[in-house]
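Participant: Please read through the structure below; I'll follow up with questions.
The values are calculated or read from the model by the stated rules, or taken from the named source; none is laboratory data. Because the structure is a prediction, the values reported are computed rather than measured. Here the Cβ positions follow ideal geometry from the backbone for every residue, glycine too, while neighbour counts run over all protein chains shown. Keep in mind that these areas ignore ligands, DNA and RNA; they rest on the heavy atoms of the full protein, side chains included. Shrake-Rupley method; radii C 1.70, N 1.55, O 1.52, S 1.80 Å.
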Amino acid sequence: MKFDEIQIRVRYGETDQMGIVYHGNYPLYLEMGRIEWLRKLGISYKHMEESGIMLPVISLSINYKKSACYDDVINVKTQLKKTPSAKIEFEYEISNEKGEILTTAETTLVFMDMTSNKPVRPPNYILEALKV
């Protein structure tokens with residue numbers, strides 16, 4: 001299915017005293033990948049929220065294989081697992097400049113109506129963008 005890749009340079013503040021990326025920063029990298037994946041489809045997360053739909057994460061799984069370090073340029077590959085229903089599922093692969101896989105992850109998010117706080121089907125413009 002559709003995927004996108006972004007590069008991020010690891011900043012000093014994202015690491016511990018040994019220069020290793022703190023494990024709690026990886027969900028932020030995944031979010032950055034997800035937001036860019038949407039943006040490249042022509043979908044603004046901000047616009048989606050302004051129209052009353054939010055996408056909270058309901059499941060997150062991360063497998064750490066190797067460490068990312070200060071000043072590394074990491075590649076975050078974000079891939080849609082399947083056509084979304086009320087849920088949208090992504091797979092991720094984070095690698096270093098040598099192409100070594102550092103981390104794999106999966107997230108599940110749910111399309112949520114911000115007024116009713118109930119799951120809803122994805123907006124039609126998202127389904128249409130995925131058909132291209």
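Participant: Restricting to region 16-30, give me the number of residues that are farther than 20 Å from residue 63 by Cβ and in contact (Cβ under 8 Å) with a residue 40 or more places away in the chain.
Facilitator: 1
Participant: Residue under question is residue 110, and the condition is that it be buried (at least 17 other Cβ atoms within 10 Å of the Cβ), at pLDDT 95 or above, within 14 Å of the chain's Cα centre (by Cα) and over 19 Å from residue 4 (Cβ atoms); does it hold?
Facilitator: When the stated conditions are applied, residue 110 passes them.
This table checks each residue for (1) hydrophobic (A, V, I, L, M, F, W, C); (2) not in a strand (DSSP E or B).
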site	(1), (2)
8	yes, no
18	yes, yes
26	no, yes
34	no, yes
39	no, yes
42	no, yes
48	yes, yes
78	no, no
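Participant: Could you tell me which numbered condition residue 84 fails, if it satisfies all but one of (1) over 13 Å from residue 31 (Cα atoms); (2) open to solvent by less than 30 Å² (accessible area, probe 1.4 Å); (3) assigned to a strand (DSSP E or B)?
Facilitator: (3)
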